[in-house]
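First up is the structure itself, then whatever we jot down about it.
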Amino acid sequence: MPFPNDLLLVIAFALVFEFINGMRDTSSIVATVISSRAFHPQTALGMTAAAEFVGPFLFGVTVAKTVGSDIVNSQLLTLNALVACLSAAIVWNLITWFFGIPGSSSHALIGGLLGVAIFVAGVNAINLQGLYKVLLGLFLLPPAGFLVGFVMLRIIYALASAASPRINEFFKRAQFFTAVGLALSHGANDAQKTMGMITLSLMIGGVLTEFTVPFWVIAVSAGTMALGAALGGWRLIRTLGGKFYKIRPVHSFATQMTSAVVIFGASFGGAPVSTTQVVSSAIVGVGSSERLSKVRWKVVSDILTAWMITIPISGLMAAGIYWVIVRLP
């Protein structure tokens, strides 16, 4: 059965969002690898893209179910509402990308979904239990990234206290495994958000009667994210790789290890998480562990501001875009 045009439009917007998400968030994964000169930029981007594609196939679709069925009541939404949600998330992602701010794609998507749902059907469209789960993941995991990163570097320094300077070569080479692990965790979490939105649109469009993610949705979402990852987001790579402090191989190793642990934990619990937030927090935690004055806190302050305003701004944008859509001839 061919899909109607409005359903195809939602799927197209979802994949555009996924492409931008892959391009933006991959910068979080490879920034420290490139900054510490562990791998050539194209090598880092290539292995990251491959791992991100594999991630969703290895670790299930629990996060997709959270995003697509646990936050809003699909019976109260329309396909136009999803177009508005995705449009707002895409616009906010492009704005933060242009200015090199590590904003959160996850915050933008969740904010857009909440904003348009409330505008269309009121607060009754929101599943509060699912919303609490999502917000806890989005707002508690970045501080967890900071704390785990802080402790991680202390543990590494304690274990390597008697090592010679040659251990830096180990930290360089070992980043292959930590970066791949982080990329797998990213694919296992972020790609699922688009899967959730596409599956939600299939339910609203009458193609599905229950929330079950089709295999083709997994494949096309993972593939689109991998394509975006392969191209990279160089503005954000410069922010994350150098504006906080001068990153050495040990910092990169600790950051990637920390981020992978936190994101994998969230994925297994079904909680969507902002990879950019977790990695940024881990970078700051690792740097602070060595010396608080090492971190450029003005950059951290700017990023925190972007995080805090993303959900309300994307929500208002989604509501405004929906208002325009329903009034078009």
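The values are calculated or read from the model by the stated rules, or taken from the named source; none is laboratory data. As the structure is a prediction and not an experimental result, all values here were calculated from the model. Backbone-built Cβ (ideal geometry, glycine too); neighbour counts: all protein chains shown.
Remarks
Residue by residue, here is whether (1) out of contact with any Ser or Thr (no Cβ under 7 Å at 6 or more places or on another chain); (2) crowded, with 19+ Cβ neighbours inside 10 Å holds:
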position: PHE13; (1), (2): no, yes
position: ILE20; (1), (2): yes, yes
position: THR26; (1), (2): no, yes
position: THR32; (1), (2): no, yes
position: ARG37; (1), (2): yes, no
position: HIS40; (1), (2): yes, no
position: ALA44; (1), (2): yes, yes
position: THR48; (1), (2): no, yes
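- Screening SER106 against (1) crowded, with 24+ Cβ neighbours inside 10 Å; (2) at pLDDT 90 or above leaves a single unmet condition, (2).
- Within region 122-163, the residues that satisfy the criterion of being over 20 Å from GLY111 (Cβ atoms) and either of a type in the set (Ser, Thr, Tyr) or within 18 Å of the chain's Cα centre (by Cα) (or both) are ALA144, GLY145, PHE146, TYR157, SER161.
- Selection from region 61-89 of residues that are β-branched (Val, Ile, Thr), surrounded by 22 or more Cβ atoms within 10 Å (Cβ to Cβ) and part of a helix (DSSP H, G or I): VAL63, VAL67, VAL83
- Of all positions in region 40-49, none carries a residue that is over 26 Å from THR255 (Cβ atoms) and free of Cβ contacts under 8 Å to residues at least 60 places away in the same chain.
- Residue that is farthest from ASN5 (Cα to Cα) [pool: residues in region 172-203 that are surrounded by fewer than 21 Cβ atoms within 10 Å (Cβ to Cβ) and of a type in the set (A, V, I, L, M, F, W, C)]: ALA174
- All helices (runs of 4 or more DSSP H) inside region 161-252 with 1 or more residues being at pLDDT 85 or above and of a type outside the set (A, V, I, L, M, F, W, C): 167-204, 215-231
- Among the residues of region 1-39, those that are of a type in the set (Val, Ile, Thr), farther than 14 Å from SER252 by Cβ and out of contact with any Leu (no Cβ under 6 Å at 6 or more places or on another chain) comprise ILE11, VAL16, ILE20, THR26.
- For region 290-329, residues that are modelled with pLDDT of 85 or more and buried (at least 18 other Cβ atoms within 10 Å of the Cβ) total 10.
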